[in-house]
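These notes concern the structure reproduced below.
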Amino acid sequence: GKPNPICVATWNFHKASKKAGEMLYEGASALDSVEQGVRVEEGNIKNTTVGNGGAPDRDGNVTLDASIMAPSGECGSVVYLKNIAHPVSVARKVMEETPHVMLAGEGALQFAIQQGFKKQNLLTEESEKAWKEWLKKKEYKPIINIENHDTIGMLCIDEAGDIAGACTTSGLAYKMNGRVGDSPIIGAGLYLDNEIGGAVATGMGEAVMKSVGSFLIVELMRQGKSPQQACEIAIKRIIEKNSNYKDFQVAFLALNKEGEVGSFCIHKGFTYVKYQNKENTNTPSEYYI
Ligand code: SD4
């Protein structure tokens, strides 16, 4: 049957899930709710992995990736977007106002400005300082769990029982200039099917892209797996295919149309937040190591 409205999001982004969850209980669509929900973290300058205040690449550029997907199966995304604090809203405009799914770099920025978004500097004093500190050694090692400060992926089911999702990030800190991760790639960082449910990913985007993880999870749920089983199979696939899996984190979060939630990750430490029946709960994910 149709579940009560529900919002789930990666990590302990309780302000974002509360925002989206309250909207859902006031009758907002899943699409509006995921957009407004993840915007909370895009605007949070203390979150160094999303939107304003996100860590730059190794050359000092803050470049953002984001995607959004509607119950209709329509989707939009932006990659390598600079100087715009709310890439998820640009992604939604790509979905609604263009014949395309994905816009990149200069073209994405040009489109955002045409749509009325304002350019701003996204490199905060703190992230500039941390980057300059990093430059001293230039050791590129992804940090396994940046507790509570990470990519936000969100899935919402509204009163009508429809599901929407979004994913937004500044990507891996000190990535190469030009690097794009999984978060804006439909099927990798985000996927849903309004008949089945949805999935989002966080962690090492390269591993997520190689497994097309979110698509895989939705297809497994289509074949009858629970969200939990589907997330476990997807993580095990990554473990089998990547001999260096101990060196990075990947976490998946899935929600089916019955409102069942599952999550699984490589390393202990990933948590997800769920807002349902006016209550936010933060749950540690099951893990492999
Ligand atoms: C990426 N998956 O760009 C994102 C980053 C992330 O935890 O989720 N960090 O690869």
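Every number here is computed from the coordinates shown, using simple stated rules; none is lab data. Not measured: the values here are computed from a predicted model. Counting neighbours? That spans all protein chains shown, and the Cβs are built from the backbone with ideal geometry, glycine included.
Here are a few things to note about the model shown:
- Across L64, L216, L255, mean-square fluctuation computed from a Gaussian network of the chain (C-alpha pairs under 10 Å connected) peaks at L216.
- Cα-Cα P(r), the range 1-77, percent of pairs per 10 Å interval: 18, 43, 29, 9, 1, 0
- All Cα-Cα separations within the range 123-267 were binned at 5 Å from zero, giving a P(r) of 2, 10, 20, 21, 18, 12, 8, 5, 3, 1, 0, each value a whole percent of the pairs.
- Taking Cβ atoms as reference points and 15 Å as the exclusive limit, the residues near K132 contribute a net charge of -2, counting Lys and Arg as +1 and Asp and Glu as -1.
- Here the range 1-137 carries DSSP beta bridges of which approximately 60% are antiparallel, counting only pairs with both residues inside.
- Local charge for G1 was computed over the other residues whose Cβ lies under 14 Å away, with Lys and Arg +1 and Asp and Glu -1, and equals -1.
- Cα Rg, Dmax, the range 1-158, angstrom units: 16.3, 56
- Our estimate of slack between N282 and N177, defined as 0.36 nm per intervening residue step minus the Cα-Cα distance, is 34.4 nm.
- Put a dot 7 Å past the Cα of K15, heading toward its Cβ, do the same for T98, and the two dots end up 3.0 nm apart.
- Fewest-first sequence of K225, K15, K132 by Cβ atoms within 10 Å of each Cβ: K132, K15, K225
- Listed by chain and number, the lysines placed with their C-alpha closer than 22 angstrom to that of K132 are K46, K82, K141, K175; residues fewer than eight positions away on the same chain are left out.
- Both numbers refer to the Cα atoms of the chain; Rg and Dmax are 17.2, 56 Å.
- Projection of the Cα convex hull of the range 188-289, averaged over all directions and equal to a quarter of that hull's surface, yields 5.9 nm².
- Charged neighbours of A108, selected by a Cβ distance under 12 Å, balance to 0 (K, R count +1; D, E count -1).
- Shown for T202, T98: other C-beta atoms within 10 Å of each C-beta, ranked fewest to most, produce the order T98, T202.
- Counting neighbouring beta carbons within 10 Å and listing from fewest to most, the residues L253, L123, L24 come out as L123, L24, L253.
- Between K210 and Q115, the C-beta separation translates, for a Förster distance of 51 Å, into a calculated FRET efficiency of about 0.95.
- Note on the range 210-266: Cα Rg divided by 2.2 N^0.38 Å, N the number of residues, gives 1.08.
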